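Structure record follows, encoded as structure tokens.
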Amino acid sequence: MTSSEHQSEPAAFTDADLAAVRAGVAQWRGPVLELSRAVNADPELAYAEHRAAARCADLLESGGFVVERAAYGLDTAFAARAGAGDRHVVVCAEYDALPGVGHACGHNVIAASAVGAGLVLAPLAEAAGLRVTVLGTPAEEVGGGKVDLLRAGAFEGADAAVMMHPTPWDDYGPESLAIEEWDVTYRGRASHASAAPELGLNALDGVVAGYQAVAMLRQHLRPFQQVHGIISHGGDAPNVVPERTEAKYYLRARTVADLEDLRHRVRACLEGSAISTGTGIEVEAVGNPYLPLQPHAGLVAAFTAACAALGRPFTPDPAGAAFGGSTDFGDVSQALPGLHADMTIHSWPAVNHTHEFAAHCVTEAADATVLDAAGALALTALAVARRPDVVLA
Ligand SMILES: [Zn+2]
Ligand SMILES: [Zn+2]
């Protein structure tokens, strides 16, 4: 294809691609939706998603993929590979759940749509000059499996990485916030709370004063700088001056510079509270910090065209594009062209991380989104193969 033909052709995939993808989605409908339901019904936490990863890997194997389990040094990662050619697209499958609320972020929908896209692409890839990898990416909710995988080379040489995420509204090119997680420990000195309180150093006072200082800081933060925390251990008995307390904080910001600024200001709040209460403090960053999402305009355009071609209506957030949350795909999208398409499962007013949203992730509307996403991700990958300038945009 010449460059002049590029300009005259509006869709980057062909009519034949569209027909083949439709047929592939119809062919795999049953097993893919069964996968979505099975993962939702059997929630596993970050880095422990053994059964979910195996379910995805088994189905991909049955569709002709060569599957490497426990890939890149992570027990619950996998890399499923098919096709051949100069172009390489990675489709990311998440499958971790949340403590207490199960699949309340709908990662079963992500897993099923990524596997579905792979199954649809497998018989089409080689003829299109496309290598496709469905990458099983553990631990999105905490830890940051994609950051581990990125470091281990899982995305090396890939032309694009694509995935979807279920949400209350459609937004095919959302932004997200950078995030860092802190575990904070205060250490004081135990004493009899009534008979000898003057001998105690109160670690509960330290953690409470720190929490309140952060609350006062909030008024003076930059837009989209966020801090939220919990006191996870507040002492052991009322009649013992607490000698050890713990808190967890998440720090978020729109840019890396704003996150760095926030680190200094929150740390000052926490250290100040330790000084004022005579306690010691340890602040430990947990897991990988996540970078903000950088949606690739060419991939967003290709995905949008794919959804339109598949006849999926676009459902925008009536309040304007919502902005918040974080994902380890942010790091991927900063390293290579990336698509993280938020797709509605028509759950409103239920939002992610609620019991209600977990239930919405196995409705007919969620199933329809799984199938739309599988088709649209497959067409986007074919667009990258047909028109490499999609990822140069
Ligand atoms: Zn999620
Ligand atoms: Zn989530």
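Here, each number is a calculation from the coordinates, and none is a lab measurement. Keep in mind the model is a prediction, meaning the values are calculated, not measured. As a convention, Cβ positions derive from the backbone with ideal geometry for all residues, glycine included, and neighbour counts pool all protein chains shown.
Which one, 237, 209, 46, has the greatest fluctuation when you compute a Gaussian network model over the chain with C-alpha springs under 10 angstrom?
With Cα springs under 10 Å in the chain, the top fluctuation among 237, 209, 46 is at 237.
Quick one: putting +1 on the C-beta of Lys and Arg, -1 on the C-beta of Asp and Glu, what dipole do you get for the chain around its Cα centre, in Debye to the nearest 20?
That gives a dipole near 200 debye.
Fewest Cβ neighbours within 10 Å first, please rank 105, 361 accordingly.
Starting with the residue having the fewest Cβ neighbours, the order is 105, 361.
Over the Cα atoms of region 35-119, how large are the radius of gyration and the largest Cα-Cα distance (Dmax), in Å?
12.7, 44
For region 178-290, what D do you get in µm² per second when you plug the Kirkwood radius from alpha-carbon pairs into Stokes-Einstein at 25 °C and 0.890 mPa s?
The estimated diffusion coefficient comes to 170 µm²/s.
Roughly what % of DSSP beta bridges within the chain run antiparallel, to the nearest 5?
Around 70 percent of the beta bridges assigned by DSSP in the chain are antiparallel ones.
For helix 50-62, what angle does its Cα long axis make with the longest principal axis of the chain, in degrees from 0 to 90 and rounded to 10?
10 degrees
Sum -39500 (n - 2.57) across every DSSP H segment of at least 4 residues in the chain, then divide by the residue count to get the 222 nm mean residue ellipticity, nearest 500.
Calculated from helices alone, the mean residue ellipticity at 222 nm is -13500 deg cm²/dmol.
Give the distance, in whole Å, between the Cα centre of region 120-144 and the Cα centre of region 92-111.
Measuring centre to centre over Cα atoms gives 18 Å.
Give me the tail of P(r) for region 41-179 as a percent: Cα-Cα pairs with distance above 28 Å.
Details: 1265 of 9591 pairs.
Tail fraction, whole percent: 13.
Specify, per residue and in Å³, the volume enclosed by the convex hull of the alpha carbon atoms belonging to the chain.
Normalising the Cα hull of the chain by residue number yields 141 Å³.
Would you order 198, 94, 61 from fewest to most other beta-carbon atoms within 10 Å of each residue's own beta-carbon?
Going from least to most buried by this count: 198, 61, 94.
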